[in-house]
Amino acid sequence: MKLQLELNGTQHYVEIEPGASLLALVRRLGAWSVRSGCDVGDCGSCTVLLDGKPVRSCLVFAAKAQGRKVTTVEALGTPDDLHPLQQAFVDVGAVQCGYCTPGMVLVAYELLSRIARPSPQEIRQAIAGNLCRCTGYRKIVEAVELGAAWKSEGRWR
């Protein structure tokens, strides 16, 4: 089956197998930040933005991305030039092992696109589907709050 999608701003025309997951496809296309965790949609480590909305890529058929825009954390920044939200995660210590971080950042990014200054409760609700075994979530909430403050100051690109 032939498929056309935009991944992180680049158009791709690929062959996929029927039943292939979006997770497998984006990793095949080089988006290594998308993690394979539980493969049943419980952990959120495979979160991507599909047309700007967070989805568990392990549960979405690759064919559903036909003609659509897929965004992974690679689109936000690079190790040498982090997006301010990524920098906020680093600065407050919200990054421990890093396995959940790409999904958390994408969920936070989408949240901040809708709500300029979310409350801690709104942040916790947004990240509820993304499991973290290391941080206890307090630092993640702080990182999203810092990212929101920086966005309101015009520090986002």
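The values are calculated or read from the model by the stated rules, or taken from the named source; none is laboratory data. Since this is a predicted model, take the numbers as computed values, not measurements. FYI the Cβ positions are ideal-geometry reconstructions off the backbone, even for glycines, and counts take in every protein chain you see.
Do the conditions hold for G9, that is, is it in contact with a helix residue (DSSP H, G or I) (Cβ under 8 Å, 6 or more places away or on another chain), surrounded by fewer than 16 Cβ atoms within 10 Å (Cβ to Cβ), modelled with pLDDT of 95 or more and closer than 22 Å to A88 by Cα? No. Scan the stretch 103-136 residue by residue and report those that are over 16 Å from the mean Cα position of the chain (by Cα), under 18 Å from G93 (Cβ atoms) and without any contact (Cβ under 8 Å) to a residue 40 or more places away in the chain. Of everything in the stretch 103-136, those that are over 16 Å from the mean Cα position of the chain (by Cα), under 18 Å from G93 (Cβ atoms) and without any contact (Cβ under 8 Å) to a residue 40 or more places away in the chain turn out to be P120, R133, C134, G136. Take the residues in the stretch 38-53 that are in contact (Cβ under 8 Å) with a residue 40 or more places away in the chain and either charged (D, E, K, R) or more than 17 Å from C132 (Cα to Cα) (or both), then tell me which one is surrounded by the most Cβ atoms within 10 Å (Cβ to Cβ). Checked the stretch 38-53; the qualifying residue surrounded by the most Cβ atoms within 10 Å (Cβ to Cβ) is L49.
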